[in-house]
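Notes to accompany the following structure.
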Amino acid sequence: MSVVGHQPPPFFKRGLPASARLTLYLVLSIGLLVADLRFRYLETVRHGVTVLTYPLQIAASTPAEWANRTYDYFSSLSSLQSEIKRLRARALDDAKRLLREQGLENENHQLRELLAMRERVGARSIAAEVLYTSRDPFARRVIIDRGERDGIEPGLATIDNAGVVGQVTRVFPLQAEVTLLTDKDQAIPVKVVRTGQRAVMFGAGGGMLELRYLAANADVEPGDVVVTSGLDGVYLPDLPVAKVVRVNRDDARGFARFVCQPIAGIERSGAVLVIGRNVKPLEDPTANDPAPDATTPGGRPKRR
Amino acid sequence: MQPTHRSSRILLPVRMGWVWITLFLGLTLNLVPTRALPGVPDFVALVLAFWCVREPLRVNMGAGFWLGLLTDIGYGSALGQHALAYVLLAFIASTMSRRLLWFPPAAQALQMVPLFLMTQVVMLVVRLIAGAEFPGWEYFFTTFTTALLWFPAHFVLLLPQMQPIERDQNRPL
C-alpha cells in the first residue's frame with residue numbers, strides 16, 4: 001500500500017502503486033456500468049446482492065415509516081371525517097356503476113358467445129401502497145410495499161383509481177420497484193380512443209408523456225383520451241393512460257410531437273393496484289424458430 | 001496522530017471497527033427514504049472521504065468501490081455508477097491527505113467542496129451518457145450539504161480517539 005506521491009522505501013512490502021489500483025478500479029467500474037446499462041447482464045447479480053443491502057434498507061426505512069405513522073395518527077380528526085364522507089359518496093357513486101357492470105358483463109359474455117369470439121382474459125390484482133420514491137434522482141421510480149411473497153412479478157402494470165401509473169420493474173422479497181410512466185425509458189403501447197389509432201407512449205420529462213412514431217398527419221387532436229391497447233400482452237386493454245394536451249405538427253420532420261398529460265396521479269398516488277393477466281399471453285406465432293412438430297405429416301404421432 | 005497537524009493534542013490510534021461501523025452507518029443513512037427532497041447529503045461520500053484523508057493507508061479505493069456497489073444496489077441506480085465516483089473520490093482525498101490535515105476543519109470543508117462536486121458530476125455524466133434525463137440543478141445541492149457536514153463529522157468521527165486531557169499539577173513541564 002502506498003499513498004500517492006509518497007513512495008515508501010523499497011525494503012517495505014508494497015502493494016500495487018496507487019495509480020495502478022486506481023486504473024484497476026476505474027476499469028472495473030466502467031466494465032460494470034457497460035455490462036449493466038448496455039447489456040443488462042447484471043440483474044441476477046443485483047437481485048442476489050439485494051439480500052445484503054436489504055437489512056440496511058429495512059433499518060433505514062423503518063424509523064421513517066414510524067414517523068409517518070405517528071404523523072398520520074395525530075392528523076386531525078376533521079380531515080379524516082371529511083375523507084370518510086367523500087369516500088362514502090364515492091362508494092355510492094361506484095355502486096351504481098358496479099350494479100350495471102354485472103349486467104353488462106353477462107351481456108358481453110353472451111354476445112361474445114354468439115360471435116364465437118374468445119373470452120377476454122381475466123385480471124388478477126394486488127393492492128399495494130407506495131412506500132417511498134427511489135433515491136436515484138435520474139429515474140422516476142417508486143417502491144411499493146408488496147413483493148415476491150405477495151405474488152408480484154416483474155412486468156405487471158400498476159394503476160391507481162384514475163389510470164395507469166407504471167410498471168413493476170424489479171421485485172424484492174417484500175417490496176417491488178415500479179417505474180413510473182413519466183420515466184424517460186418507460187414505454188407503453190396505447191391507442192387513441194376516438195380513432196383507434198395505435199401508438200407507443202414514452203415519458204417526456206417534466207411529468208409529461210409523449211406519443212412517438214406517429215406520422216405528422218396522424219388523426220390525433222388535443223383532448224383525445226389515450227388508453228392501453230393491450231397488444232403487448234402485459235397491460236390489460238382499455239386502461240386510461242393520458243390525455244393529449246398539445247400537438248406540434250412540424251412539417252420539416254416526418255413525425256409530429258404529441259404531448260400528453262397523464263390521467264393517473266403518477267407522481268403523487270399513495271395507494272395503487274398491481275394488476276396482471278390471469279393467463280400468460282400466447283407465444284408470438286410469427287417467431288422465427290418453428291415449434292417442433294409432434295406429428296410428422298402423413299405419419300403417426302410418435303407417442304401416444 | 002493529532003486532530004490537525006497544527007494541534008498539539010495527541011489522539012488515540014484509530015480502531016478499524018469504528019471506521020467500518022461509521023461507513024456502514026453512512027450507507028444506512030443514505031438509504032433512508034427522503035421522498036425526493038433536494039440536497040440530501042451523501043453520507044457515504046462524506047465518511048469515506050473523511051477516512052481517506054485521515055487514514056489513507058487503511059481506507060482507500062477498495063472501500064470506495066465496494067461501498068459504491070452497495071449504494072448502487074440500494075438505490076437501484078446503474079451498477080458501477082457510485083463505485084466509479086467513490087473510487088475517484090477516495091483516490092483524490094488520499095492524495096490531498098497530507099496537505100489537508102494542516103488546515104482547521106472549516107477550511108478542510110471548503111477544500112472538500114470541489115471533490116464532492118466532482119463526485120456528483122461523474123455520476124451525472126455517467127447517467128447522461130446512458131440516456132437519463134437531467135435531474136435539475138437542485139441535484140447539486142447535495143455537494144454543499146455534504147461539505148457543510150464535514151465540520152460536525154470531524155468531531156463526531158474522531159470522538160472515540162479523543163482522550164481526556166490530563167492536567168497533572170505536579171508535572172514539572
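FYI, it's all coordinate maths here, none of it is from the lab. Values in this document were obtained by computation on a predicted structure and should not be read as measured data. So basically every Cβ, Gly included, is an ideal-geometry build from the backbone, and we count neighbours across all protein chains shown.
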Can you work out which of the residues in segment A:183-205 that are of a type in the set (Val, Ile, Thr) and crowded, with 22+ Cβ neighbours inside 10 Å is nearest to the other protein chains (Cβ to nearest Cβ)? A:188
Report, ordered by the first and then the second residue, all pairs with beta carbons closer than 6 Å, sequence separation of six or more or different chains, a first member in segment B:139-168 that is farther than 28 Å from residue B:34 by Cα, and a second member that is assigned to a helix (DSSP H, G or I). B:160/B:18
Segment A:27-77, residues that are under 23 Å from residue B:87 (Cβ atoms), surrounded by fewer than 16 Cβ atoms within 10 Å (Cβ to Cβ), under 27 Å from the mean Cα position of the chain (by Cα) and facing another protein chain (nearest Cβ under 9 Å): A:34, A:35, A:38, A:45, A:52
Which listed residue, of B:78, B:85, B:93, is more than 9 Å from chain A (Cβ to nearest Cβ) and of a type outside the set (Val, Ile, Thr): B:93
If you scan segment A:137-182, which residues turn out to be of a type in the set (Val, Ile, Thr), in a loop (DSSP other than H, G, I, E, B) and within 14 Å of chain B (Cβ to nearest Cβ)? A:182
Every listed condition ((1) within 27 Å of residue A:170 (Cα to Cα); (2) surrounded by fewer than 16 Cβ atoms within 10 Å (Cβ to Cβ); (3) not hydrophobic (A, V, I, L, M, F, W, C)) holds for residue B:80 save (2)
For segment A:138-169, which residues satisfy the criterion of being within 21 Å of residue A:277 (Cβ to Cβ), surrounded by fewer than 20 Cβ atoms within 10 Å (Cβ to Cβ) and among the charged types (D, E, K, R)? A:148, A:149, A:150, A:153, A:160
Is it true that some residue in segment A:265-273 is surrounded by 14 or more Cβ atoms within 10 Å (Cβ to Cβ) and either in contact with a Cys (Cβ under 7 Å, 6 or more places away or on another chain) or among the β-branched types (Val, Ile, Thr) (or both)? yes
I'd like to check something: does segment B:56-66 contain any residue that is at positive phi and at the interface with chain A (Cβ under 9 Å from one of its Cβ atoms)? no
Going by what's in this entry, would residue B:34 be described as within 10 Å of chain A (Cβ to nearest Cβ), β-branched (Val, Ile, Thr), under 30 Å from residue A:133 (Cβ atoms) and assigned to a helix (DSSP H, G or I)? no
Sort out which residues of segment A:251-264 are buried (at least 17 other Cβ atoms within 10 Å of the Cβ), over 21 Å from the mean Cα position of the chain (by Cα) and part of a loop (DSSP other than H, G, I, E, B), and write them in order of number. A:256
Taking residue B:126 and the conditions (1) more than 8 Å from chain A (Cβ to nearest Cβ); (2) under 30 Å from residue A:205 (Cβ atoms); (3) outside any loop (DSSP other than H, G, I, E, B), which numbered condition does it fall short on, given that it satisfies the others? (1)
Here is a check on your reading of the model: is residue B:131 surrounded by fewer than 21 Cβ atoms within 10 Å (Cβ to Cβ), more than 10 Å from every other protein chain (Cβ to nearest Cβ) and part of a loop (DSSP other than H, G, I, E, B)? no
Qualifying residue in segment A:187-199 (condition: under 23 Å from residue B:77 (Cα atoms) and touching a residue at least 12 places away in the same chain (Cβ under 8 Å)): yes
Can you spot a residue in segment B:23-38 that is without any contact (Cβ under 8 Å) to a residue 60 or more places away in the chain and of a type in the set (Ser, Thr, Tyr)? yes
